[in-house]
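Report on the following structure.
Just so it is clear, none of the values below were taken in a lab; they were calculated from the coordinates. Because the structure is predicted, anything quoted here is derived from the model rather than measured. Glycine gets a Cβ as well: all are built from the backbone with ideal geometry, and neighbour counts include every protein chain shown.
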C-alpha cells in the first residue's frame, strides 16, 4: 500500500513569486511552513493505494490526460481550513474564472474516479483548489494572514500535466513527508 495523490504543480516562476511574497513575512507567525518545492494543487488523494492497482491507475490517468486540456492558473488570494477564526491550515487560493473552475472540477473528478476504479479508497472531501502554505499545531485566528493573501496575485502559469505522487510520511527534512513523482501525464485534450 502506498499513500498517493494526483496533482497539478505550479511553475517555478509562480513558486518563486509566492515564495518571495511570503519570505519577508514568515517570522511573524508560528506556522509550520510547507516546503515551496512541494507546493501542489491536489486533485485526488488516497491514503492507501494497493500496489497491485498501480498499473491500472497509470493507464486510467494516462487516458484521462488525453481528454483534458492544459489549463491556465494563477495563485490569487488566501484562506484557511476549517475557517480563519480557528484555523489549522493557511492556504493560497487559485484565482480562476468560472470556466476554468469548472474544468478543474472535471479534472479532479476524473482523477478521483481513476483512483477509485483502480481500487484505491479516495478521500471524499469536497474539491477546493488551493496550495497549502502552512499548518498550526493548534487552532488560531489567522484572519490577518488571509487578508494579506487576499491582496496577493501571482503570475499566471499553464498547467500542462498532472503528476502522480507517492507521499512517504516522515521521510523528508525535519520529519515531513517526502514526495516522489511516480509518473507524469501531459494534458493534451482540446479545450471546449
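Which of the three applies to the stretch 82-184, rounded, prolate or oblate, going by the alpha-carbon gyration tensor with a ≥ b ≥ c and a/c under 1.5 meaning rounded?
On the way: a/c = 1.70, a/b = 1.20, b/c = 1.41.
In terms of gyration-tensor shape, oblate.
How do 42, 66 rank when sorted from fewest to most other Cβ atoms within 10 Å of their own Cβ?
On the way: 42 20, 66 11.
Fewest-to-most ranking of 42, 66: 66, 42.
Helix 98-117 sits at what angle to the longest principal axis of the chain, using alpha carbons and giving 0 to 90 degrees rounded to 10?
60 degrees
Using only the alpha-carbon atoms, how far is helix 12-23 inclined from the longest principal axis of the chain? Give it as 0 to 90 degrees, nearest 10.
Here the helix axis deviates by roughly 30 degrees.
At 4 °C and 1.567 mPa s, what whole-number value in µm²/s does Stokes-Einstein give for the translational diffusion of the stretch 1-89, with Rh from the Kirkwood sum over Cα pairs? All intermediate terms of the calculation are to be shown ahead of the outcome.
Numbers: Rh = 16.0 Å.
The estimated diffusion coefficient comes to 81 µm²/s.
Over the chain, what portion of Cα pair distances is larger than 30 Å, expressed as a whole percent?
19 percent
Label residue 24 and residue 101 with points 7 Å out from Cα along Cα→Cβ: what is the distance between them in nm?
Once both label points are built, they end up 3.2 nm from each other.
Using helices alone, I'd like the mean residue ellipticity at 222 nm for the chain: each DSSP H run of four-plus residues gives -39500 (n - 2.57), total over residue count, nearest 500.
Mean residue ellipticity, 222 nm, calculated: -9000 deg cm²/dmol.
Against the longest principal axis of the chain, how steep is helix 54-67, in degrees 0 to 90 to the nearest 10, with axes from Cα atoms?
Roughly 80 degrees, rounded to the nearest 10.
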